[in-house]
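I have placed the structure first, in the form of structure tokens, so that the comments after it can refer back to it.
The values are calculated or read from the model by the stated rules, or taken from the named source; none is laboratory data. Not measured: the values here are computed from a predicted model. Note that each Cβ is placed from the backbone with ideal geometry, even for glycine, and that neighbours are counted across all protein chains shown.
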């Protein structure tokens, strides 16, 4: 990307990718923000939108990320906001969409046990994305649907239990105990045999 000294900004050859190092702002096609700095509680957070809007925008994100690395500009948070960082609420909507879709796949008739456990991990990933938004005050706390989050967390725990995650752990635990018990039993048997042999030898003397 070319540096324009008069304005201090960086642009690509077509002008469709733009980065302002002073403001920590990047735009794709003059409207879609994928880097933006937020002043929250007296601290500045540089947020990077890693949502893949299109192939060309993905290229813009890659070039700006590389440029920021060269300039020593740190990124504090990565979020996925389909409508750009000018509409950061879309990040929460995006996460909730994925969670609902994954829940439907898990509860579908005939769904695979191992696939469901993988889907649960994905649900937890999107829950963490939502948590990051609220922990950093990027989203109005009134928008946080606690009942949805709690029900989803309970849903995850129930699926893990019913699909064998904890059953496998318990089975492995029992196997370990039994294995050590067998080893201990063999050791005790050997000690007993040695003791009996020594006792019989002493009697013979």
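Restricted to helices (runs of 4 or more DSSP H) entirely inside the stretch 93-205, those with at least 1 residues that are touching a strand residue (DSSP E or B) at 6+ places or on another chain (Cβ under 9 Å), surrounded by 12 or more Cβ atoms within 10 Å (Cβ to Cβ) and at pLDDT 50 or above are 113-135.
May I ask you to say which residue of 19, 51 is surrounded by 13 or more Cβ atoms within 10 Å (Cβ to Cβ) and not in a strand (DSSP E or B)? None of the other options fit; the residue is 51. Do we have residue 106 as touching a helix residue (DSSP H, G or I) at 6+ places or on another chain (Cβ under 7 Å) and without any contact (Cβ under 8 Å) to a residue 60 or more places away in the chain here? Against the criterion (touching a helix residue (DSSP H, G or I) at 6+ places or on another chain (Cβ under 7 Å) and without any contact (Cβ under 8 Å) to a residue 60 or more places away in the chain), residue 106 qualifies. Within the stretch 6-16, not a single residue is within 23 Å of residue 95 (Cα to Cα), touching a residue at least 24 places away in the same chain (Cβ under 8 Å) and not in a strand (DSSP E or B). For the stretch 32-58, the set of residues classified as over 20 Å from the mean Cα position of the chain (by Cα) and free of Cβ contacts under 8 Å to residues at least 24 places away in the same chain consists of 37, 39, 42, 43, 44, 54, 55, 58, listed by residue number. Of the residues making up the stretch 57-74, at least one is crowded, with 16+ Cβ neighbours inside 10 Å, in contact with a strand residue (DSSP E or B) (Cβ under 9 Å, 6 or more places away or on another chain) and in a loop (DSSP other than H, G, I, E, B).
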